[in-house]
Amino acid sequence: MSGDGQELSHWFDDEAGPVVRPYAMTRGRTTSPNQHRLDLIAVVVTEEYASDPEADNSLSPEHVDIVELCRDAPQSVAELAAELDLPIGVVRVLIGDLVEDELVHVTRPVPPAELPDESILRDVISGLRAL
Amino acid sequence: MIFGRTERGKAPVEPVTLKILVAGGFGVGKTTLVGAVSEIKPLRTEELLTEAGRPVDDTSGVEGKHTTTVAMDFGRITLREDLVLYLFGTPGQDRFWFLWDELATGALGAVVLADTRRLEDCFAAVDYFERRSIPFVVGVNCFEGASRYPAEDVRQALDLDSAVPVVLCDARGRESVKEVLIEVVQHAMAYAAERRHTVTG
């Protein structure tokens, strides 16, 4: 490694970029106290009574985005992260806040170590055939 | 919008979501496969890696850099309004194994995509799924110009259990990829039935 500091051959990819800043949105939190780790395909659904999240001063614009995005169409954690262009860890914390505020709820996918119902798997197969 | 817009006041459908992983070496066609069947252009999510997250990397000389990102591409297939299948391409680099654990949790099964010109690139993925008892199918991506081997030769070369399906496929072809995914689900069903049988004696 050279001593220059800028010309080092990095172990990470060039695209890594500056990456701590997003956690400013979570006020430095990397986990959410009441939330166990949300699966990437857990689905976030906005509560019907969450009418005007923008009026809530405690919410960041990103919180409001999530509430609005999931209002008409529930979305998975992975989709929200891609849509908002935020790291998954950040999105998890934001969702955790919203669950705590009871503005959204999260439907959990099939629990780990359990396979879904055979009938669901049959539906998946016929769904794939019909594509 | 994602799962079909619903009328105001009517509760949106909360779908059951499932995931299948797509693993294999770098450049073997994982994102191509996802894109061939996904109803959306494959999306990219990123996860930040922190100090605690990368125990094996030697970071001497880059101490100023405490985090980096790793990308995962994924696609979506809405099978029914209330049934959605996600496909996740696993990060290609071996140093991101720990991210696989999270992806693999609750996964229905996996496709290990193999290229016969460099079969060794998928050894790690095969090992991974075998050890964690995650049902998987080996898809041999038939690149143009690559000499084709019978599926049995690939099975032998990978030392696969006889129950593991090996299918020849074209990661760019929608029909071909559909067949691979159906194979994964069927294998997962058989695998689950087998396990139930073992448990109940």
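The numbers here are math on the coordinates, done by the rules we state, and not lab data. Here the structure is a predicted model, which is why all the values come from computation and not from measurement. All Cβ positions, even for glycine, are placed from backbone atoms using ideal geometry, and neighbour counts span all protein chains on display.
So if each residue of separation counts as 0.36 nm, and I subtract the Cα-Cα distance between residue B:132 and residue B:117, what length gain in nm does that give?
Extra length available between residue B:132 and residue B:117 comes to 2.7 nm.
How shielded is B:190-196 by partner chains, expressed as the average number of their Cβ atoms within 10 Å of its Cβ atoms?
Average neighbour count from other chains, rounded to a whole number: 2.
Per the Kirkwood treatment, what hydrodynamic radius in Å, one decimal, follows for the stretch B:73-201 from the mean inverse distance over all distinct Cα pairs?
15.7 Å
Grab the Cα-Cα distance for residue A:27 and residue A:85, subtract it from 0.36 nm times how many residues apart they are, and report the gain in nm with one decimal.
19.1 nm
Where does each of B:39, B:183 land when they are ranked from fewest to most other beta-carbon atoms within 10 angstrom?
Fewest to most other Cβ atoms nearby, the residues stand as B:39, B:183.
Quick one: dipole size for the stretch B:116-201, taken about the Cα centre, charges +1 on Lys/Arg Cβ and -1 on Asp/Glu Cβ, in debye to the nearest 20.
Computed about the Cα centre, the dipole is about 260 debye.
Per-residue Cβ counts within 10 Å, from other chains only, averaged over A:68-81: what number is that?
Per residue, the number of nearby Cβ atoms from other chains is 6 on average.
Using the basic label-point model (7 angstrom from Cα toward the beta carbon), what is the residue A:118 to residue B:175 distance in nanometres?
3.1 nm
Averaged across the residues of B:107-118, what count of C-beta atoms belonging to other chains lies within 10 Å of each residue's C-beta?
Across the residues of B:107-118, the mean count of other-chain Cβ atoms within 10 Å is 1.
Take the alpha carbon atoms of the stretch B:17-34, find their center, do the same for the stretch B:121-152, and report the distance between the two centers in whole angstrom.
Result: 12 Å between the Cα centres.
Between residue B:124 and residue B:193, what is the spin-label point distance in nm, taking each point 7 Å from the Cα along the Cα→C-beta axis?
3.5 nm
Report the net charge of residues surrounding residue B:177, where surrounding means a beta-carbon distance below 15 angstrom and charges are Lys +1, Arg +1, Asp -1, Glu -1.
Surrounding charge for residue B:177 is 0.
Once both labels are modelled 7 Å past Cα along the beta-carbon direction, what's the residue B:162-residue A:49 spacing in nm?
6.1 nm
Using Cβ counts within 10 Å as a stand-in for footprinting exposure, how do B:142, B:169, B:122 rank, fewest first?
Exposure proxy ranking, most exposed first: B:142, B:122, B:169.
For the residues B:118, A:71, what sequence is obtained by ranking on other C-beta atoms within 10 Å, fewest first?
Lowest to highest Cβ neighbour count: B:118, A:71.
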